[in-house]
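Comments concern the structure below.
The values are calculated or read from the model by the stated rules, or taken from the named source; none is laboratory data. Bear in mind that the values here come from a model prediction, so they are computed numbers and not experimental data. Glycine gets a Cβ as well: all are built from the backbone with ideal geometry, and neighbour counts include every protein chain shown.
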Amino acid sequence: MKIEIRHGFAEADRAEVARLYWQAFGPKLGRVLQPDGSALAFIGRVMRADHALVAYDEQGQVLGVAGFKSADGAFVGGKPGDLQAIYGWFGGQWRAALLNLLSRDLENVRFLMDGLFVRDDQRGLGVGSALLEAICAEAAQRGYAEVRLDVVDSNPRAKKLYERHGFRTVAVARLGLLRHLFGFVASAAMVRTVAKR
């Protein structure tokens with residue numbers, strides 16, 4: 001299978017990318033962003049194509065996405081007003097407060113990957129590997145020496161993929177009592193060195 005990595009996604013693919021994102025991250029974010037229809041509306045509203053590398057097949061079907069964060073924003077970020085537009089004032093307020101607890105700081109030293117997800121029927125076929133290499137190439141092209149990502153302890157398959165691609169754990173953050181809300185106990189910050197261009 002031929003995999004083409006593109007910067008961004010077509011507007012026609014927005015709903016599919018949102019669906020795949022929710023499928024991948026819904027187990028972690030579900031209690032905060034449910035119901036599903038509202039979650040998909042919020043994700044579709046805030047996703048930024050300019051903060052994504054997207055794997056397509058020869059037929060133009062989305063296979064997977066690697067998002068990233070920059071000083072200009074994140075792949076899936078948004079503002080409190082975006083949450084309020086979907087969930088109402090009160091619903092937007094408490095969701096923003098909880099999601100803020102999971103947000104990653106923007107670094108000036110490392111390029112931050114902001115989520116990687118692959119269609120279920122395409123896992124194990126090299127899509128995740130192609131996206132990881134594309135993220136590392138993007139980091140190098142932007143002048144970064146390292147890429148950082150975070151992976152939750154409930155996703156050992158992803159951690160093994162990252163380790164195979166040269167990422168090493170540099171820190172572990174425990175969630176404490178919030179583990180009951182988000183469904184994981186800890187997340188590992190992993191870093192890989194890349195060659196600057």
> Based on what the data block shows, is residue 62 touching a strand residue (DSSP E or B) at 6+ places or on another chain (Cβ under 9 Å) and either of a type in the set (Lys, Arg) or closer than 22 Å to residue 126 by Cα (or both)?
Replying inline: yes
> Got a number for residues in segment 68-95 being polar (S, T, N, Q) and either in a helix (DSSP H, G or I) or within 22 Å of residue 19 (Cα to Cα) (or both)?
Replying inline: 2
> Exactly one of (1) at pLDDT 90 or above; (2) surrounded by fewer than 17 Cβ atoms within 10 Å (Cβ to Cβ); (3) in a helix (DSSP H, G or I) is unmet by residue 98. Its number?
Replying inline: (1)
> Taking segment 34-56, which residues are in a helix (DSSP H, G or I) and polar (S, T, N, Q)?
Replying inline: 38
>> Being over 24 Å from residue 169 (Cβ atoms), surrounded by 21 or more Cβ atoms within 10 Å (Cβ to Cβ) and either aliphatic (A, V, I, L, M) or within 12 Å of the chain's Cα centre (by Cα) (or both) narrows it down to one residue among 66, 71, 52; which is it?
In response: 52
>> Kindly evaluate residue 124 against the criterion of being among the small types (Gly, Ala, Ser) and either surrounded by 15 or more Cβ atoms within 10 Å (Cβ to Cβ) or farther than 19 Å from residue 55 by Cα (or both).
In response: no
>> Can you report the number of residues in segment 141-159 which are of a type in the set (A, V, I, L, M, F, W, C) and either surrounded by fewer than 16 Cβ atoms within 10 Å (Cβ to Cβ) or touching a residue at least 60 places away in the same chain (Cβ under 8 Å) (or both)?
In response: 2
> Considering only residues of segment 5-33 that are outside any helix (DSSP H, G or I) and over 20 Å from residue 120 (Cβ atoms), which is modelled with the lowest pLDDT?
Replying inline: 10
> residue 87 fails exactly one of the following numbered conditions: (1) buried (at least 19 other Cβ atoms within 10 Å of the Cβ); (2) touching a strand residue (DSSP E or B) at 6+ places or on another chain (Cβ under 9 Å). What is the number of that condition?
Replying inline: (2)
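To keep it simple, each residue is scored yes or no on (1) outside any strand (DSSP E or B); (2) among the charged types (D, E, K, R).
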position	(1), (2)
58	yes, yes
66	no, no
102	yes, no
114	no, yes
124	yes, no
131	yes, no
134	yes, no
144	yes, no
> Out of (1) of a type in the set (Gly, Ala, Ser); (2) crowded, with 17+ Cβ neighbours inside 10 Å; (3) at pLDDT 95 or above, the odd one out for residue 166 is which?
Replying inline: (2)
>> Which condition from (1) in a helix (DSSP H, G or I); (2) without any contact (Cβ under 8 Å) to a residue 24 or more places away in the chain; (3) not acidic (Asp, Glu) is the one that residue 169 breaks?
In response: (1)
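For every residue, the table says whether it meets (1) among the aliphatic types (A, V, I, L, M); (2) within 11 Å of the chain's Cα centre (by Cα); (3) under 29 Å from residue 3 (Cβ atoms).
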{"position": "62", "(1), (2), (3)": "yes, no, yes"}
{"position": "87", "(1), (2), (3)": "no, no, no"}
{"position": "91", "(1), (2), (3)": "no, no, no"}
{"position": "98", "(1), (2), (3)": "yes, no, no"}
> Taking segment 13-29 as the search range and keeping residues that are small (Gly, Ala, Ser) and under 15 Å from the mean Cα position of the chain (by Cα), which one is surrounded by the fewest Cβ atoms within 10 Å (Cβ to Cβ)?
Replying inline: 26
